[in-house]
Amino acid sequence: KIYFVQGNHEFALENLDWHGVIPVLARDLVLEIGSERIALSHGDFLLAPWHYHVYTRLVRSRLCSWFVRYFVPQGILDRICHVLAEKSRVSNRTKKIPHRRILQAATTWLQGMDCAVGIIGHFHVPYNHRIRSGKRILSQASWDTPNLLAYDGQNFKRYFFELEGACVRVTQQGL
């Protein structure tokens, strides 16, 4: 199964018809795969200020989703999301990433989830961090290189995709 976790630059994923992809719209999702419990979250709430919570509640509300679905053409929505993502990338190029604060917040989140593994993505840093309780925090890598985490029931692997013309090269990295 492929899970796509809605982030701070994706809106109205419930309206997309991606065959074989399960959009995760909730803040957190717990998957049970065999005997393993895995928590998924975009992670944008981990260090977010109060006004970000208000903003996301507004733009992800049923009213806003309904309005966008019926009154905003998909091309315009895509353009808006692309512009927001580009502005975020530019402003974050020189920003120092607070790794310790991120991992502390992720640890607190995971401890409350009753899961052995927590996966986040908002910070675009490929964490593979074990905490004292034996739990593990993983995260998606950079937004500049498409990538995914795969789980085979025992191990996680990270895959990177590089576009070369009409071809895609896939490289694997064990964790």
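The values are calculated or read from the model by the stated rules, or taken from the named source; none is laboratory data. As the structure is a prediction and not an experimental result, all values here were calculated from the model. Don't worry about glycine lacking a Cβ; one is built from the backbone with ideal geometry, like all the others, and counts go over all protein chains shown. The accessibility values were calculated without ligands, DNA or RNA, using every heavy atom of the protein model including side chains. Shrake-Rupley method; radii C 1.70, N 1.55, O 1.52, S 1.80 Å.
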Run the simple label-point estimate for S88 and E10 please: 7 Å along Cα→C-beta, distance reported in nm.
1.1
At 1.4 Å probe size, put Y127, Y3, Y70, Y52 in order of accessible surface, largest to smallest.
Y70, Y3, Y52, Y127
Accessible-area order for W109, W66, largest to smallest, probe 1.4 angstrom, reads W66, W109
Under-21-angstrom lysine pairs by C-alpha in the chain, whenever the two are 8 or more apart or on separate chains
4
Rounded tilt (10° steps) of 62-71 against the dominant C-alpha axis of the chain
50
Area accessible to solvent at V68, 1.4 Å probe radius, in Å²:
30
Hey, what angle do you get for helix 99-111 against the long axis of the chain, alpha-carbon based, 0 to 90 degrees rounded to 10?
80
Once normalised by the length of the chain, the mean sequence separation of its alpha carbon contacts under 8 Å that are 6 or more apart gives a contact order in percent of 18
With each pseudo-label sitting 7 Å past Cα toward Cβ, what's the T145-L47 distance in nm, one decimal?
2.2
Report the residue, chosen from E162, E14, E36, that carries the largest GNM mean-square fluctuation when the chain is represented by alpha-carbon nodes joined by springs under 10 Å.
E162
Expected output is a single nm value to one decimal: the length gained when fully extending between R57 and Y70, i.e. 0.36 nm times separation in residues minus the C-alpha distance. What is it?
2.7 nm
Most fluctuating residue given options I137, I76, I22, as computed from a GNM of the chain linking Cα atoms under 10 Å:
I76
Gyration tensor on Cα atoms of the chain, a ≥ b ≥ c root eigenvalues, a/c under 1.5 rounded, else prolate if a/b beats b/c, else oblate, says rounded
Tell me whether the stretch 5-68 comes out rounded, prolate or oblate; compute the Cα gyration tensor, take square roots of the eigenvalues as a ≥ b ≥ c, and use a/c under 1.5 as the rounded threshold.
oblate
So between D152 and Q173, what do we pick up on full extension, going 0.36 nm a residue minus the alpha carbon distance?
6.2 nm
Acute angle (nearest 10 degrees) that the helix 74-92 long axis makes with the longest principal axis of the chain, alpha-carbon atoms
50
For the chain, what proportion of DSSP beta bridges, expressed in % and rounded to the nearest 5, is antiparallel?
65
Suppose each label sits 7 Å from its Cα in the direction of the beta carbon; what would the L163-I97 distance come out to in nanometres?
2.2
